[in-house]
Amino acid sequence: MFRPCVSAALGVAFLSVLSGCDGGGSSSGGSSGGVVSVTPAPTPTPTFTEGDAARLAKQASFGPTPALVARIKELGANAWLDEQFAATGSTYSDLAAPVRRDFCTSGDAVCSRQHFSRVPAAMRFYADAVMAPDQLRQRVAFALGQMIVASEAEVNAAAGIAAFNQIFLDNAFGNFRDVLARVTMLGYMGDYLDMADSNKSAPSENYARELLQLFSMGPDQLNIDGTPKLDGTGARQPNYTPDDIRGVARALTGWTYARIGGAPITDGGARDYSQPMIAVPARYDGTAKSFLGTDVAAGATQEASVAAVIDAAFNNPSTPPFVSKFLIAHLVTPNPTPAYVGRVAAVFVNNGSGVRGDLKAVVRAILTDAEARNAPGAAAGKVKEPILLMTGLARVIGFTTDGYAFVNRDGAMAQPVMRAPSVFNFYPQDFPLPGSTMLRSPASKLLNTSTVLRWHNFVYDWTVGGDATRAEFSVSSGLPGSSLTQPVWSNWEALDVDAMATRIDLLMFANTLTQPQKDALKAAGNAITHVDPATQARKRAQMMLYVAASSPLFLVDR
């Protein structure tokens, strides 16, 4: 049921709706064809405050914590990024252990959940997002996995899901070409988009089409700043033709799944979704092929044909701005200026050492650009998607978790991680901000009457109703080796109301609350009384966190 806010007065004083809840500058309009110069970034803000550190944490982690903000403030942006580029801790590798389709006995729900669902990998995702130190690697991997999609909605192999998402962790700071190459050949993707068992007699075009449309260059030719290249009539120009898709599809024929235990390729129950696919030469189209300005000679090997496809997609002039704009949207804002896109795309083209596709350099460029670091304007930022709402709140409170409580929640929140409804992910990148003719707000696609209530009730349940004894935080008997989810309220019980308000202002709002808003927040806390001082402090913190986390100010990252 819906829980109302504390009071009308508090709602007026604190839960004020921002005039523009998404965006980050002007929308990228059209441009005539030709090369577009890259505009230098304006000079960043010279000082680096606690609030600046908290803003960077919002963009580059799954939510600020006191320790994270202090570390960023201590090191500064670039030194902290260097530390994060070297950080490790998150992994799915141990979960990528394939089993035969007949491994579980009939009716064994525990076994099926462990081996034929997203649950193990999704639990690991949330546990690492909340607790692991390599926050930036995980955020970039999360973004890559929303651009290059394969989903449990179609292929429910736990080992394949783990292996697929491990690719993004492994290559979050690597080279984008390696991401494309590894994803293309993985058996899990081979099933999801039908490249596996694609035969020269009837090549499947599914993977070929999505590789070009969604995973690399996009459907339209782009200038370096992400604006569309227009022809003499002002129309957009396509990046590829149906003949290009057919040529790519032919080049990708002749592959099938590796098999568990060396089983024959006729054994459908032994498919190994966690490994690269293996060649079946008899099914390969070895004739000459042309696509995207690339020619593959007759008799070229299967491996050479795949490499030609990956190179053509990777080297397309539209790939740098397409990928750069996508990553900017997920880390900073879905409405970057063309100049911002152009500066980042130029780094994708050349990292300064002649290397194309260096994601470490691209991520640094995104997060250190003046448009990311300077104080945000009224239209800056982006709506939190449900996953970031969940992890952000958990990290502010202080959680230890095996991730299961999050997996039980995310479906109702409209974003079950690793189970996107289609290859287009949970929302379109160009979804408009309601009420705006110019700004985009992708995550707003998930907002409707039902989900807004569910998001609000989630916040209430994990704050006001979020004592450690809450039933959903307990160990699941159906998950061998699972552990508790526990909010660590002792960190809040040691604070008075003033200190609570200060912490909430920093971690949730990057020190942007006005004095009346802070006063209203403290009033909500002081209204709670209890004979036991620790209980009173906890209940006050819970109420203040509820008010803060259910506000538009928290639901929009700026």
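The values are calculated or read from the model by the stated rules, or taken from the named source; none is laboratory data. Source: prediction; values computed, not measured. Counting neighbours? That spans all protein chains shown, and the Cβs are built from the backbone with ideal geometry, glycine included. Only protein heavy atoms, including side chains, enter the accessible area calculation; ligands, DNA and RNA are left aside. Shrake-Rupley method; radii C 1.70, N 1.55, O 1.52, S 1.80 Å.
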Practice item. Would you check which residues across the stretch 274-297 are open to solvent by 20 Å² or more (accessible area, probe 1.4 Å) and among the hydroxyl-bearing types (Ser, Thr, Tyr) and list them? Key: Tyr284, Thr287, Ser290, Thr294
Review point. Has the stretch 158-170 got any residue that is touching a residue at least 60 places away in the same chain (Cβ under 8 Å), β-branched (Val, Ile, Thr) and in contact with a Phe, Trp or Tyr (Cβ under 6 Å, 6 or more places away or on another chain)?
Key: no
Study note, to complete from the structure: Selection from the stretch 124-165 of residues among the charged types (D, E, K, R) and open to solvent by less than 10 Å² (accessible area, probe 1.4 Å) yields Asp134, Arg139
Check your understanding: What about Ser305, is it without any contact (Cβ under 8 Å) to a residue 60 or more places away in the chain and under 18 Å from Ser216 (Cβ atoms)?
Key -> yes
Review point. How many residues does the stretch 186-228 contain that are open to solvent by 30 Å² or more (accessible area, probe 1.4 Å) and part of a helix (DSSP H, G or I)?
Key: 4
Review point. Which residue, of Met418, Met390, is over 22 Å from Ala172 (Cα atoms), in contact (Cβ under 8 Å) with a residue 40 or more places away in the chain and not acidic (Asp, Glu)?
Key: Met390
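Got a sec? Which of Ser490, Ser477, Ser483, Ser550 is farther than 23 Å from Gly51 by Cα and under 27 Å from the mean Cα position of the chain (by Cα)? Steps first, answer last, please.
On the way: Ser490 fails: under 27 Å from the mean Cα position of the chain (by Cα); Ser477 fails: under 27 Å from the mean Cα position of the chain (by Cα); Ser550 fails: farther than 23 Å from Gly51 by Cα.
So the residue among Ser490, Ser477, Ser483, Ser550 that is farther than 23 Å from Gly51 by Cα and under 27 Å from the mean Cα position of the chain (by Cα) is Ser483.
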Practice item. Sort out which residues of the stretch 348-363 are open to solvent by 20 Å² or more (accessible area, probe 1.4 Å), in contact with an Asp or Glu (Cβ under 9 Å, 6 or more places away or on another chain) and part of a helix (DSSP H, G or I), and write them in order of number. Key: none
**Study point:** Residues satisfying the stated conditions in the stretch 423-439, i.e. closer than 29 Å to Val155 by Cα and open to solvent by 40 Å² or more (accessible area, probe 1.4 Å)
**Key:** Phe424, Pro428, Gln429, Asp430, Phe431
Exercise for review: Scan the stretch 433-447 for residues that are more than 21 Å from the chain's Cα centre (by Cα) and not hydroxyl-bearing (Ser, Thr, Tyr) and jot them down.
Suggested key: Pro434, Gly435, Met438
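For the stretch 232-255, what are the residues that are under 23 Å from Ala312 (Cα atoms) and either without any contact (Cβ under 8 Å) to a residue 12 or more places away in the chain or assigned to a strand (DSSP E or B) (or both)? Lay out the reasoning, then the answer.
Residues of the stretch 232-255 that are under 23 Å from Ala312 (Cα atoms), as a first pass: 236-255.
Residues satisfying the conditions are Arg236, Pro238, Thr241, Pro242, Trp255.
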Check your understanding: Scanning for something within 19 Å of the chain's Cα centre (by Cα), under 30 Å from Gly342 (Cα atoms) and polar (S, T, N, Q), does the stretch 177-200 turn up at least one residue?
Key -> no
Review point. Is it the case that the stretch 45-57 has a residue that's part of a loop (DSSP other than H, G, I, E, B), at pLDDT below 95 and touching an Asp or Glu at 6+ places or on another chain (Cβ under 8 Å)?
Key: yes
Review point. Got at least one residue in the stretch 115-125 being touching a Phe, Trp or Tyr at 6+ places or on another chain (Cβ under 8 Å), of a type in the set (Lys, Arg) and within 29 Å of Val488 (Cβ to Cβ)?
Key: yes
Revision key, fill the gap. Scanning the stretch 440-455 for residues that are touching a strand residue (DSSP E or B) at 6+ places or on another chain (Cβ under 7 Å) and either of a type outside the set (Gly, Ala, Ser) or in a loop (DSSP other than H, G, I, E, B) (or both), the one surrounded by the most Cβ atoms within 10 Å (Cβ to Cβ) turns out to be Ser441
Review point. Taking the stretch 67-118 only, how many residues are open to solvent by 70 Å² or more (accessible area, probe 1.4 Å) and in contact with a Lys or Arg (Cβ under 7 Å, 6 or more places away or on another chain)?
Key: 0
Revision key, fill the gap. Out of (1) over 15 Å from the mean Cα position of the chain (by Cα); (2) closer than 13 Å to Val332 by Cα, the one Lys384 does not meet is (1)
Exercise for review: Would you check which residues across the stretch 372-405 are in a helix (DSSP H, G or I) and of a type in the set (Gly, Ala, Ser) and list them?
Suggested key: Ala372, Gly392, Ala394, Ala405
Point to revise | Positions within the stretch 257-299 being among the hydroxyl-bearing types (Ser, Thr, Tyr) and part of a strand (DSSP E or B), in sequence order | key: Ser290, Thr294
Exercise for review: Could you please give the count of residues in the stretch 238-261 that are on the phi > 0 side of the Ramachandran plot and either open to solvent by 70 Å² or more (accessible area, probe 1.4 Å) or touching a Cys at 6+ places or on another chain (Cβ under 7 Å) (or both)?
Suggested key: 1
Review point. Within the bounds of the stretch 338-346, is there any residue that is buried (at least 19 other Cβ atoms within 10 Å of the Cβ) and farther than 14 Å from Lys325 by Cβ?
Key: no
Review point. For the stretch 456-558, list the helices (runs of 4 or more DSSP H) that sit wholly inside it and hold at least 3 residues that are among the aliphatic types (A, V, I, L, M) and either open to solvent by less than 10 Å² (accessible area, probe 1.4 Å) or within 30 Å of Ser444 (Cβ to Cβ) (or both); which are they?
Key: 497-509, 515-526, 533-549
